[in-house]
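Beneath this line is the structure, given in structure tokens, with notes to follow.
Quick note: the coordinates plus some simple rules give every number you see, no bench work behind them. Everything quoted here is computed from the prediction, not taken from an experiment. Every residue, glycine as well, gets a Cβ built from its backbone with ideal geometry; the counts of neighbours run over all protein chains shown.
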Amino acid sequence: RTLLASGFHAPDRGTIDVLEDALIAIGADGAIEAIHRPGDAVYDDVRAARLAEGTLKTLPQGTYLLPGFVDLHVHAPQYPQLGLALDVPLEVWLQTYTFPLEARYADLAFSRRSYGLLVADLLAGGTTTALYFATLHQDATRILVDTCLERGQRALIGKVAMDHPESCPDTYRDASPEAAIAGTRALIDYVRAHADNGEARVLPVVTPRFIPACTDATLEGLGQLAADCGCHVQTHGSESDWEHGHVLARFGATDTTMLDRFGLLGRRTVMAHANFLTEADMETTRLRQAAVAHCPLSNIYFANAVFPLRAALEKGLHVGLGTDISGGPSAFMLDTCRSAVQASRMLESGVDPARPPAERGTGPAARIDIRTAFHLATAGGGDALDLPVGRFAVGYQFDALAVDTQAERGTIRLFDETDAGGILDKILYTASTANIATVWVGGRGV
Ligand code: GUN
Ligand code: FE
């Protein structure tokens, strides 16, 4: 199959590549086999040949291709709570609302319904890859795996491990370290057996919820398991004053140091939030090539801090963006992009007019722009996961969305923009789900 399309991608931070009437050839494995641009020697011949064969699909005028979004931090079971309970501290929110909601996934009919809605809505919003925390339940987590396979979303899924009797309620806790570790291994085995599609479109993830929720034995066992199975690891780290302080008080060391000691900080680790990383933590994260899932919207409500995104990028950390459903009240990755820009601007300039300008914020060079956020939401997230997604490049999976800038019910209003940059910025800042006409994962319409 070959697509004739115009569009945009951000293959590197600071680089926007504009495709104009490009021919994108997609192989049976869903990977991009070739990209031809007008002016290339073979362009006219390839175009004519595909037309004659009837294998050329042409995107309409005014419709632009973007790489699919990579949501680097989603709590799948929290979708029913999106937009609710945003006014209490993290530790209260977990105990009062979140753990009781997650406990409901013992009910498989509820799980099927909730996960079906979530995956459909995320795909409709252009999220082609999601890194999911599920619940501690084996059966419900298998339903999430099955749902992603059925609907065609690329997904990385972890059974949550949480067994610390002082941090987790009796009604929602792994019974023992052995149960947490065996349950994690069982889910890995299930994914590897069932997602046996050659393309590994659904992958298993070792998922200690966060250090406060896990006993030492569980953290040790999961570190060992991650080394044995070579799969991804996800957790929360250095999120809020309370969480960061809890780990310091328990171990006399930061989340990053402790994750590293437990063997949970490697090339395929994604740590959500990371607001309180010290200089030394950033260096450890960089050396291990671990990634940060920056969740700007969630951090506004629960973290009491803003992640120093630009500093982390300039140090060379892998960073992607996460909605943190339902810590953040939006499931749409473009909202997350917009929030990342806004948070960075507030970090830079500060917000309290009672202070002198020089003392209001961190000062120069904390801001990022919307195109950098777009890079992080696509190629940055793909790189963080070490997966070939997020770019229009040969060998990368064709995970993409088509944005219809003229959709009547959409929210993009183009006036006389003729330059590509203006069209891209309007898409990034003003598009809504109603502007997303088509979404592909691995070359397949979903
Ligand atoms: N820390 C531990 N669990 C959670 C969660 O579900 N959401 C957020 N934002 N932080 C957490
Ligand atoms: Fe989270």
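General observations
- Among the residues of region 168-180, those that are touching a residue at least 60 places away in the same chain (Cβ under 8 Å) and either surrounded by 14 or more Cβ atoms within 10 Å (Cβ to Cβ) or of a type in the set (Phe, Trp, Tyr) (or both) comprise Cys168, Tyr172.
- Scan of region 12-33 for residues that are outside any loop (DSSP other than H, G, I, E, B), more than 26 Å from Gly421 (Cβ to Cβ) and touching a residue at least 40 places away in the same chain (Cβ under 8 Å), ordered by number: Ile26, Ala31, Glu33
- Selected residue (criterion: nearest to Pro67 (Cα to Cα)) from residues of region 323-349 that are part of a loop (DSSP other than H, G, I, E, B) and in contact with a strand residue (DSSP E or B) (Cβ under 6 Å, 6 or more places away or on another chain): Thr323
- Breaking point among (1) on the phi > 0 side of the Ramachandran plot; (2) within 17 Å of the chain's Cα centre (by Cα), for Ala200: (2)
- Hits in region 283-333 (condition: more than 16 Å from ligand 1 (Cβ to nearest atom), under 19 Å from Ala379 (Cα atoms) and of a type in the set (A, V, I, L, M)): Ala290, Ala291, Leu309, Ala311, Ala312, Leu313, Leu317, Val319, Met333
- The condition of being in contact with a Ser or Thr (Cβ under 9 Å, 6 or more places away or on another chain) and closer than 21 Å to Asp174 by Cβ holds for only one of Ala76, Ala85, that being Ala76.
- Residue, nearest to Leu225 (Cα to Cα), within region 278-301, restricted to residues that are β-branched (Val, Ile, Thr) and surrounded by fewer than 24 Cβ atoms within 10 Å (Cβ to Cβ): Thr284
- Set side by side, the residues Leu86, Leu51 differ, and just one is surrounded by 13 or more Cβ atoms within 10 Å (Cβ to Cβ) and without any contact (Cβ under 8 Å) to a residue 40 or more places away in the chain, which is Leu51.
- If the condition is being surrounded by fewer than 24 Cβ atoms within 10 Å (Cβ to Cβ), within 13 Å of ligand 1 (Cβ to nearest atom) and under 19 Å from Ala384 (Cβ atoms), then region 236-277 contributes only Asn275.
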